[in-house]
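Trainee: Got a structure for you, questions after.
The values are calculated or read from the model by the stated rules, or taken from the named source; none is laboratory data. These numbers were taken from a predicted model, which means no experiment stands behind them. Counting neighbours? That spans all protein chains shown, and the Cβs are built from the backbone with ideal geometry, glycine included.
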Amino acid sequence: MSLEQTACEDILVDLKAFERRLTEVIACLHPSTTRWRIVLAVVSLCVATGASQWIFDPETRVVSLSQSLSNHPFFILSTVILMFLVIILLLGVHKRVIAGSIITSRTREVLRDFNMSCDDTGKLILRRRPANVT
């Protein structure tokens, strides 16, 4: 076996190890992303349901705002929870939600120098060498 073949095999092993690690990191981020999206969707649905009950309540037009809101604790509770979640997201948790896309975009920037890229799951994409223009 020649020295060039050994070097190519070493590079291939390194690339495969890098690809495995990248896919592992991105795969580990997906459960927390999915969990946050589900929580936000459920709480938003609760707010929408509570708001519709509050708006379509016939007593809402006759009583004061504070009395009307106190008649609908589900809407108040779900709105407070949604506001709490939005504050948490604004304080930095959103980075966990979009961490996978941040990692893949930064990896693509680095791999561009090596004429490579990666997909959203972390699999490496080898590109053709550009034709030498002289």
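Trainee: Could you please give the count of residues in segment 80-118 that are touching a residue at least 12 places away in the same chain (Cβ under 8 Å) and assigned to a loop (DSSP other than H, G, I, E, B)?
Mentor: 2
Trainee: Only one of these is surrounded by 11 or more Cβ atoms within 10 Å (Cβ to Cβ) and over 23 Å from the mean Cα position of the chain (by Cα): Ser101, Ser68, Ser64, Ser117. Name it.
Mentor: On the way: Ser101 fails: over 23 Å from the mean Cα position of the chain (by Cα); Ser64 fails: surrounded by 11 or more Cβ atoms within 10 Å (Cβ to Cβ); Ser117 fails: over 23 Å from the mean Cα position of the chain (by Cα).
Going through Ser101, Ser68, Ser64, Ser117 in turn, just one is surrounded by 11 or more Cβ atoms within 10 Å (Cβ to Cβ) and over 23 Å from the mean Cα position of the chain (by Cα): Ser68.
Trainee: Name the single residue, out of those in segment 20-37 being under 20 Å from the mean Cα position of the chain (by Cα) and modelled with pLDDT of 90 or more, that is nearest to Arg106 (Cα to Cα).
Mentor: The qualifying residue nearest to Arg106 (Cα to Cα) is Leu22.
Trainee: Looking at (1) within 19 Å of the chain's Cα centre (by Cα); (2) surrounded by 11 or more Cβ atoms within 10 Å (Cβ to Cβ); (3) of a type in the set (Gly, Ala, Ser), can you tell me which one Ser52 breaks?
Mentor: It is condition (1) that Ser52 fails.
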